Structures are given as C-alpha cells and as structure tokens.
Amino acid sequence: MSKFILIDQSIRGNGGHYLEYATNVLNEAKKMGYCVGLATNKDFHEKAPWDVFPIYKYDIWGSTGKKKVSFYKTRSLAAKIRRVLVLERSKFHFSLMGQFLTFFKRRDFSASIKTFGKFGFLSQLGICVSGAILLLLFMLYKIIKGVYNLICKTPLLGGLIHKFAMFMQKIRTFMVKALKQMKRVIHYRSWEKNFYKSTRKTIEHFQIGAGDIIFIPTLAVPDMSAVAKCIHVSKPAQKASWHMIFRRNMFQGREPVYSFDDIEVKAFRKALLYFKNLTEQWDNAFFYTDTERLTAQYEYLNIYNFSTLPIPIDPDLQKNKFPQNSGPITLTYLGDARREKGYQFLNSIVDELWEEYIVPKKIDFNIQSNYTFCDIKSNYDVVYAMDQLSLYDSSAVKMCNRSMGGKEYADFVAQGNIGLLFYDRENYYARSSGALIECICTGMPVIVPSASWLAIDVDRQNYRYIDSLKANLEMCVFFDSEWMTAQAYQEKEAANISCLFENGILSFSDYDNRVVKICELVEHAAYLTISYKIFSLIQCGNYVRTKIILKDKYGLVVDEFQSDNFIENEKVNILYPVKADTYTAEIYMWAAFYKQPIKITDIQIEFWNSDHEIPLGSYGLVYSNEADITPLLRNMIDFYADYRNAAIKQAKRYNQYHTAENLVKTLALGEAYDGK
Amino acid sequence: MMGNNMIGVSDVSLGFGSPQINSIISYLYFKLGCSTALILEPDQPEKKYNMYRYQPIILKRVYTEENIYQGGRAEYIRECAKIINKEKPDMLLIFCSFTLPVLFYLNYRPRKVIYYNIEMANAYGKDDIILNGAISGKVDLLIYPEENRARIDIRDYGHRGMPMVTVYNCTNHVKDLAEVIGSTERNGKAIYAGKLDQTNTNVHYFFGKRNDKICIDVFGDISSCSSDFIKENLLHINEKMNFYGYVENQKLQIIRKKYAYSIVMWNPVNENQLYAAPNKFFEAIADGVIPICAPHPQCIKIIKKYDCGILMKDWSYDSFCEAMTLAERIYGTQRYSEMVGNCRKAVTKELNFESQMQYIEKYL
C-alpha cells in the first residue's frame, strides 16, 4: 500500500488551523486507500488516529516556540529600572526643587529666588553647597573640554585623534552588523540542519519508498533547502514524490511593483535554483500554491511550474445542509483580533447598527476575539475596538476570546449567517483566505474588501447579477459620453471635454488625472448602474476606482460611494441606490493604486426607476472604502433571504471544488485537478 | 452610593470654556449623593472668580505666584495635591493631562479616580507622556471626548485593562432645551466663537474675499501669538466680518441662537486639533444653529449620521468658500428648515448630556 505522509513542522497543538488542515487531508488520503502518517513539531503531544511522528524543532517561522528566558528577563528588568528612573525624573519636574531648577535653567532669576525662599533653611544650605560643587565640576569639565579642543585643533595630533575616533566608530558599526548577520546565519543553518535531520528520520520512520507521497503544506526557504539535500542524498527520498505548497506572498504589493530586487525574493529564487540543481535528475518534486494569483507570482521566477490546489475545509462544514434561519441574523467575524483582518472596524459597525438592527433583535454579532500580538503600539486600534466591543450587551455582541480548534471552530462558523471578512487588501491581494471558503461553503453571504483575492469571485457574480437585474428595471435616464478632467470641472472649463473620449474609449490615469462625468436631472431615479469594459491596462494589478457623489439641488452631498473594479474579459457593472433628494450625480474615475494609463470602453451610465428596494449584490458585497461597510451591510441584512439563496448556490459549487479529495487526487496525479 | 466627598481638578478657570468640567461634577454630585463637591481651578487673573458660580458645588481658586501656563503649573499641582491629601475625597476627577501629576503626589488612593482627557496629553511635553504611561493602577475610568484620541493614547501610552469610554462634549440638558428660532427670525449671519489664531484656527479665512454674502460675526480672544496682520484685519471694518471680542459662555449661548450658522474649524496641525471634539459644535447643534465644519472625524460622523450640518471638503480656503456658498444657497429654504429639525432630533436622541452620561454610569 502506498503511503501518504504529511509533514507539518508547525503543528504543536490545535492552534492556527494547521492540525485541521492535516486532519482533513489525511482522512481523505486514508479513505482513498493510502497508508497515512503525520510528522509534526516535537512539541505536539495529542492523540491521532494515525501514526504521528513528532520530530521537528523549528516551525514555519523558524521559531522553537520557547522564549529565551534569560535574555528577555534581563531586558525586562533593565526596562523596569529605566521606567522607574524616567518616571521619578518626570515627577521631580513638578516638585519644588524641579520648579526651582526649571526657573534657574530658564534664567528667570527673580522666580528662582522666590522659589528658593520657599525651601527650609537646611534645604537652602544643601542647595547652596550642591550648587557650589556643581559649579566646580562644571568649571572642571569646561577646562578639560577646552584642553581637548586645543589638542584637536593642533594640525597633526588633532587629525590623528579624529581619524582614530572615526576608525573606531566604523569598526563598531561593522562589528554590530557582522554579529547580527552571523546570528542570522547561525540560526538559518541550525534551522536547515534540523529540518534535514528530522526529514531523514521521518523517511526512516515511515519507511518511505517508491510511489509514496510526501506532502508539505507549509514551508520556508531553509525547509526547502533541507528537502533538496534529503532528496539528493537519500535513495528512498528519490523514489517518493514530494509535494510542497506555498501559501504566502512572495512579492509584496501588486504586479506593477513586483520586484526581483526584493531581498526575500532573491533569497527564495536562489533557494529554488539550489533545489532544482540538486534534485533535477529525479524529477520528483512538485510545487503548488492555493490561488491563481500566487501561482502566477511563483511562476514569475521561471524555474518550476506551480499548480493551484483547492483549499480543503472541515467536511463538517460541507454537509450541504443549509438550514432556514429563525431568530436574529448572526454576523460572524472570523480570524483573530488583528489589524490585518480588520477587527478595528467592528466597534463602529456595531455602533451604527445598534439601534436599528441589534436592539430590535434583527441581528447579533459573533466575533472571534482571541489575539496573539504583544505589541499594543501597532495594534492600538484593535485594542480600542476590543475594549469598546466588550461594553456591549454580551448576548447581542458575543466575543470568543479563546483560540478555537476543530469542532468548536466548525460550530462557530456554522452558527454564522453573514461573514464579515474585512481583510487587508494589500496582504490578501494574492494569498487565500480559508475563512472566505468556509463562509461560502456554509452558504453564508459575505462582505469583503475590493481589489483583493477575496473579491474576485464576489465581483464576478455581482457583475452577472446586475446584468440580469437590468432586464427587470425600467430605465429613466441614460448617459454615454462627455467626460471631463476633474481639474477642468473644478475650474469650470468645459474645453477639455472631447479629447478624453476618442472612438468610444475613455482614458485616464491616477487621482491627479481623474475624469468626471456630471449627470444632472436624475430626480425620481432609484438606482444607478455604471458599466464598462477594460480596453487596455498596461499591467495587471491596477484597478479602476469609481467614486460616485450624489448631490441635492443645492449642491449638498446626499451620499457617496466608492468601488474598485477590474475583471479581465468581462464587463464591469456597478449598482448603487440613489437617494430621494438626489439631483446630480458626479462620477469620478481614476487608476486606484498606481500611476498608470487606463483605457475603458462601452461605458454606460444608467438611472433606473424602481418602486421597491433591491439587493445590491448576488451572494456577497464588496467595499472599497471602510465607510461603505455599514450601508452595504444594511442592504445585506434587509435582503438576507436573497443573498442567502445566492450563497447556497455558490456553496454547492465551492463544496465540489474545495475538498480534501480533490487535493489528494491532484497530488496523486501530479497535476491540477480540473474540477473547477 | 458614595455618600462622601468629591474633588475635581480643573486645568482652566471655569465659566469661560470647558463646560463639561462643572457639568460632570454636578451630575456626579447629584447622582451619587455626595456630601460635598469641590472644584479646584487655577488662577487665570484675567478670568473672574466666583466661588458660588455652581452652587452647591464649591469652586475654589488655587492661587499661584506664577501664571500656570508660564511656570506656575508645578506650584498648582503641589497645592492641589496638598488640598486633596487634606480633604481625602472618595472620588477624584482629573481633567486633562495638565493636572494629571496631582495623582503622583497623593499620599492615599481615592476610592474612585476618573481621568477625563479633555485635551490630548502629547501637547504638554515629554514629562506628561511619561506620566500618562504610568497611570495604570491609579485610575479607575478613562473618559475621552473623541474616539481617535482614545486610540492614540493606547498607541502612545499602552493603556490596557482600564475601562475607557467616549463621551461627546455635549453639556446641554434635554430638559433645558429652548425653542429653536425659526429661520425667518434669524439674522442670516454665521457666528464663529473661539480661539483667534492663524496657526490653530485659520482665522484669516474670515476676512478673505468670498463670493457669498454671509456675514461672519467673530467672538473670542486674539491669541498672543497672532500676527499683526490678523489683529489689524480683525479690528478693521469689513462688510463680511465683524469682530466683537471675548464674551462669557452664558452670554454667547443667548447670542448664538439668532444666527443661521456656526463655524467650527481647527487647523489640523497636530492630532489634538485633527481629532478635535469641539464644544461649540455641540452647542450650535443644541441651539438649532447649523454648523459649518472642517472635516474633523467626529464632525463628519455626526453630520453624516444626522444630516445636521455642512461639511467642508478639506481645510483649504477654497473649501471654506465653497461651504459658505452652499450655506448661502440653502438659507431660508425647506432644506435649511429640515437641517434645523435634524439638529433638534440629534440633540433629543443622542447629543445631550444625559445620553452621554449613561456611558459612564456603569462604572460609578
């Protein structure tokens, strides 16, 4: 029987979903007839229904999971002493002596003498004596400094002293840098060596041989180098197939700023080349990511082909049972309390929805609130949000403050009705979010950030939904051409109108070169749709940002909304409700992230009549600006049944693709499963 | 119920600004049934002292040899600490970082210490930053007038584990709400009351050329750091601006009601001013005088929520002119009356002292 061995050096316990991922995959592999095994971090001591081999010392972050007690203790003691001293000094500032010295330093001698008069006789004597001593010391210091300056000014001696001082400074800087670098290299070597030794032991332990699959679902550069060495030296390793998946961003940002000069990218490329050189002859290594965008990132290196794997989620969440919701709609925040996951927006959302939706028990919140950060400084708004959320009635705003794993987490997800995924769009531009897949697989409508991986499918479905919606609405006004630059509009010059629009193509660039369309007399319109196609874009990764400002007949802003859009080969559709008092709509467009020329075509701006409100999206909504989250959520809550029905349809599609079965099949075949 | 005494340490002489100080002390005095309540105020010689201004609460002026803003602060702190150590109140209220060092000179721990951060601490210098970072265990409740200020304090001082509430600077009581004057009875002008200073408040905008015809009446002290240009222009006769000098808060409340608009604008030169929580904004709304505001986050939030004011796009002079033109356009229309009505709705619903105090009730 072939073996399926999963190596996850980060599995120490239930935290971080590493164990869940491994469990889902191994269960499926077992079902498919493999003899399964799991190699974990040596700190893992849980029981499992298969052979577990806890061996690895370092996790994916290169951490051993143990704090260096002595170093931190020393630092904390030093910090404590420093803090006490600084505090005492600040307190001293407000004492009588502090006040006296402040006046003295300011050379406000009349105030100094007045303050001096307030001291007792002994204190006055003490001040005089200490003053005299300080004066003597000051004079001595001045004399020494004068002599030193005199020597330095002497041409030969002074020059030598100066050069020596500079030389010593350079040596010191060099030593500090070298020591830091050396520390890094030693750590890296030890990490790589440990992974190598542990993997050799794993191969021996599981008696790996021909036809066996070794799957490493998360690995770092030292781990990859160690795997290469293993394959190079170990005969059993050469017979098995190795499958490695990269789930983190290689490049920072989006395509226009992908840089091969980035130090991390350089290191990774070097490691991948090293891997190829050592293992090419056996051709038994396969590389994967879990999103198309990540795959594209890794393939930029032009060394290996990467395939995209499905994201296997807990089968308990994939039962395709979508119960009808009775009682309040539960808005669920998934992901720990971190800025990267948008936790900081929650308190104002709860506040804004409180009266209209929470008090009448239309909705409640379920918020995953455990946190792992120690650095309050960079998570200050998260800390504030946690404090504020804890002030609400805990039956309406439930906060789960502990780390959940396995069944508890699955239950938490299954209880949700709307998924709140306010992830950082920069960090999640290419990488995946397991939480999104979990939400969709359970039929939960979602709200996600624009221009991120999370928005790709939501956007696509919404464009189709808006297209189908238009057939059922009555159009009242239609606009097509006559755009102008925002600058011309501000300066009330209509001269620049025509040059922007040539052969039905509208060109614009970044915010400073944005274009605007003014739509007047749109009274009685209930909805606005904007649609266009991308005609040309120099590079992927840039988006068209559309800002709609609705004004009343006096020019006061009634409402505003922002949207980021880009889908290749498909028509973009934006739908937004028009408030009753709207008289004009100003529509601005510019390149959202980078200064790049963009051309769009087939632009249609239409205003529609409707005597009833409608859902603004299919199974999810996408926000570009945080201020738009609450209005979008209101729509989602008001039309929950429609969103839910659309989400259930999506769930069926997602549940077919994002399974451990598809993942294992892909690994077994050595190519991407075409079940999408 | 505390049933005992309470002391509040103010950073300004009362009756001319910071009305939240006496409001919160009065509220706590009656709410908790305190036997005595005392407010310690610094000696600002130009501001009149009236011990019985807020009876039954006693106002005690603490005299210092030096001006408290020019070296007398340490003396004020020590004197206040002496009084507190002698009186040993059960409840102590500290108003802004200026008076915070008092806490470090106490020889006992009051049963309840409330630190009401009216102004941001980082404006006061290095020592204040250090002392604010050391209040853990000394304070039972932190009150902020603006949520971003609370966030910044967490960032700068690592406040954690202390209850923290945001309470708007609304001091008007629902029961005292006077009838709003109809737009036809108003004078059609805009009022600006506050600090007059080119750096902090963009006061020079008031005498610049504008297309609208709204006249701005300016009330306030000309700051000592204002340039001659500002002083001359304020005092110069101008058909679109009149300068009336400094008036007491109570008088201002009577005057303001007749105006069509109230201008609220701080120059965002620091976080304290960017995240402004201006009393004048809430006072204008309470009087049904539509505020014309610079885009301070709190003003944006409230104006968008209640549709009760005009927002400038940014802090530029062009935006100011644009907002004034809009103001002129809507004055006397149905839209104007609607906004006035929205001001009243906002006040009865949320922007009143009673509603704000309910946030701190659970910590008393």
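Dipole check for region B:1-94: with +1 at the C-beta of Lys and Arg, -1 at the C-beta of Asp and Glu, and the Cα centre as origin, the magnitude is about 260 Debye.
Rounded to the nearest 20, the size of the Cβ-charge dipole of region A:539-676 about its Cα centre is 300 debye, with Lys and Arg at +1 and Asp and Glu at -1.
Shape of region B:210-364 from the C-alpha gyration tensor: prolate (a/c of 1.5 or more and a/b above b/c, with a ≥ b ≥ c the square roots of its eigenvalues). Shown in residue order for region A:239-246 are the 3J(HN,Hα) couplings computed by the Karplus curve 6.51 cos²θ - 1.76 cosθ + 1.60 at θ = phi - 60°: 7, 7, 9, 10, 10, 10, 10, 10 Hz (x for Gly and Pro). Could you grab the relative contact order for chain B? Cα pairs under 8 Å, six or more apart, rounded to a whole percent. In percent, rounded to a whole number, it is 13. What does the charge count near B:LYS251 come to, summing +1 for each Lys or Arg and -1 for each Asp or Glu among other residues with Cβ under 15 Å from its Cβ? Overall, the nearby charge balance is +2.
DSSP beta bridges fully contained in the protein assembly as shown are about 40 percent antiparallel. Take the Cα of A:ASP467, step 7 Å toward its Cβ, do the same at A:CYS374, and the gap between the two points is 5.3 nm. Net charge of the neighbourhood of B:TYR108, taken over other residues with C-beta under 12 Å away and scored Lys/Arg +1, Asp/Glu -1, is +3. Taking amide H positions as modeled 1.01 Å from N, with prolines and chain starts lacking one, the residues under 5 Å from B:TRP266 and 5 or more places away or on another chain are B:ALA294.
Across region A:185-315, the relative contact order, built from alpha-carbon pairs under 8 Å that are at least six residues apart, equals 24 percent.
Legend: distances between Cα atoms for A:LYS31/A:LYS319; A:LYS229/A:LYS270; A:LYS341/B:LYS349; A:LYS180/A:LYS201; A:LYS341/A:LYS377; pairs beyond 23 Å are A:LYS341/B:LYS349; A:LYS180/A:LYS201. Here's how it looks for A:TYR623: its modeled amide H is under 5 Å from those of A:VAL448, A:SER450, which are all 5 or more places away or on a different chain.
Counting Cβ atoms of other protein chains within 10 Å of each Cβ in A:377-385 and taking the mean gives 6.
Basic side chains Lys and Arg get +1 at the Cβ, acidic Asp and Glu get -1 at the Cβ, and with that the dipole of region A:564-638 about its Cα centre reaches some 240 debye. Among the GluC sites (Glu not before Pro) in region A:182-288, those located in a DSSP loop and surrounded by at most 10 other Cβ atoms within 10 Å of their own Cβ are A:GLU280. All other residues whose Cβ lies under 11 angstrom from that of A:ARG248 are scored, Lys and Arg at +1 and Asp and Glu at -1, for a net of 0. Rounded, prolate or oblate, given the Cα gyration tensor of region A:568-676, with a/c below 1.5 counting as rounded? Oblate, because a/c is 1.5 or more while a/b does not exceed b/c. Listed values for region B:294-300 are Karplus-derived 3J(HN,Hα) couplings in whole Hz (6.51 cos²θ - 1.76 cosθ + 1.60, θ = phi - 60°), namely 6, x, 6, x, 5, 5, 4, and x replaces Gly and Pro.
Just report the Cα centroid separation between region A:536-598 and region B:274-311, whole Å. Measuring centre to centre over Cα atoms gives 27 Å. Any idea how far the Cα center of region A:608-627 sits from the one of region B:132-199, in Å? Comparing the Cα centres of region A:608-627 and region B:132-199, I get a distance of 35 Å. Extending 7 Å from the Cα toward the beta-carbon at both B:GLU239 and A:HIS162 defines two label points whose distance is 6.8 nm.
The alpha carbon gyration tensor of the protein assembly as shown gives principal lengths a ≥ b ≥ c with a/c of 1.5 or higher and a/b no greater than b/c, which makes the shape oblate.
Put a dot 7 Å past the Cα of B:LYS86, heading toward its Cβ, do the same for A:CYS400, and the two dots end up 5.9 nm apart. Amide H to amide H, with H built 1.01 Å from N, A:CYS35 comes under 5 Å of A:SER2, A:LYS3, A:PHE4, counting only residues 5 or more places away or on other chains.
The phi torsions of region A:117-132, fed into the Karplus equation with coefficients 6.51, -1.76 and 1.60 and a -60° offset, translate into couplings of x, 7, 6, x, 4, 5, 5, 4, 4, x, 5, 4, 4, 5, x, 5 Hz, rounded to whole numbers, with Gly and Pro shown as x. Annotation for region A:386-427: trypsin sites (Lys or Arg not before Pro) lying in DSSP loop with at most 12 further Cβ atoms inside 10 Å of their Cβ are A:ARG402.
Using a 10 Å Cβ count of at most 10 others and DSSP loop calls, identify the longest part of chain B lacking such GluC sites (Glu not before Pro). Longest stretch, sites excluded: B:47-178.
Normalised by the number of residues in chain A, the mean separation of alpha-carbon contacts (under 8 Å, six or more apart) gives a relative contact order of 12 percent.
Values in this text are rule-based calculations from the coordinates and carry no lab data. All figures in this text were calculated on a predicted structure; none of them were measured in a lab. Ideal geometry is used to build each Cβ from the backbone, glycine not excepted, and the neighbour counts take in all protein chains shown.
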